[in-house]
Amino acid sequence: MEESIRDVGQAGRATVDSAKHTLRSLRRLASFEFALARSAFGRALAWSGVAIVFGASAWLLLAGTLIALMQRWGLSWFHSLLITSLLSLAVTGYAVWRVSFFFRHTGMHATRRQLARLGLFDEPHDDDPEGRDDDTERTP
């Protein structure tokens with residue numbers, strides 16, 4: 001009986017040691033992953049800047065070429081510049097619409113709902129007396 005208790009104790013210690021080792025390894029892995037993500041984010045940001053600069057300069061050259069081509073076709077300067085500007089505004093409007101669409105996903109709404117269901121993250125509601133910001137309670 002005593003030997004069985006020692007065996008169970010040793011198995012328990014081995015399990016705890018294994019769990020500590022696993023958690024230590026997971027912590028190190030997460031640390032390395034975050035370091036890699038930081039590095040990759042910085043490099044991606046730098047290359048995004050390069051892409052923006054060269055993309056903008058390419059669009060300016062293309063717009064100049066389109067204006068020269070429309071001039072050759074017999075359109076006036078006004079019409080050539082107007083058509084190119086309207087094209088730029090249309091692409092800009094589309095890009096703004098897509099940016100606003102994707103920024104909605106950054107709110108983590110599903111995660112907030114799940115955390116609120118667990119009672120871990122409750123945002124104040126209008127009917128919550130603690131969540132209201134009364135002007136009478138403020139001190140100047």
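The values are calculated or read from the model by the stated rules, or taken from the named source; none is laboratory data. Remember, predicted model here, so these are calculated numbers, not experimental data. We place every Cβ from the backbone using ideal geometry, glycine too, and count neighbours over all the protein chains shown. Just so you know, the surface numbers come from the protein's heavy atoms only, side chains and all, with ligands and any DNA or RNA stripped out. Shrake-Rupley method; radii C 1.70, N 1.55, O 1.52, S 1.80 Å.
Between residue 14 and residue 110, with labels modelled 7 Å along Cα→Cβ, what's the label distance in nm to one decimal, could you check?
A separation of 4.1 nm, rounded to one decimal place.
What part of the accessible area of the chain, given as a whole %, is carbon or sulfur when the probe is 1.4 angstrom?
On the chain, the fraction of accessible area on carbon and sulfur atoms equals 66 percent.
In degrees between 0 and 90, to the nearest 10, how far off the longest principal axis of the chain does helix 109-118 point, with axes built from Cα atoms?
So the helix axis and the longest Cα principal axis differ by about 20 degrees.
What angle, in degrees between 0 and 90 and rounded to the nearest 10, separates the Cα long axis of helix 2-72 from the longest principal axis of the Cα atoms of the chain?
Taking the Cα atoms of the chain, the angle to 2-72 is about 0 degrees.
Calculate the FRET efficiency for residue 57 and residue 33 from the Cβ-Cβ distance with a Förster distance of 35 Å, rounded to the nearest 0.05.
0.45
Can you give the helix-only mean residue ellipticity at 222 nm for the chain, where every DSSP H stretch with n ≥ 4 adds -39500 (n - 2.57) and the sum goes over all residues, rounded to the nearest 500 deg cm²/dmol?
The per-residue figure over the chain is -28500 deg cm²/dmol.
Would you list 73, 59 from the most to the least accessible area, probe 1.4 Å?
From most accessible down to least: 73, 59.
Compute the accessible area per residue over the chain, keeping the other protein chains in place, probe 1.4 Å, unit Å².
That works out to 90 Å² for each residue.
Residue 118 to residue 78: extension gain in nm, 0.36 nm per residue of separation minus the Cα-Cα distance?
Roughly 8.2 nm would be gained on extension.
When only the heavy atoms of the protein chains count and the probe is 1.4 Å, how do 86, 120 rank by accessible area, highest first?
The ordering from most to least exposed comes out as 120, 86.
Stretched out fully, how many nm does the piece from residue 91 to residue 22 gain, at 0.36 nm a residue minus the Cα gap?
Between residue 91 and residue 22, full extension yields an extra 19.7 nm.
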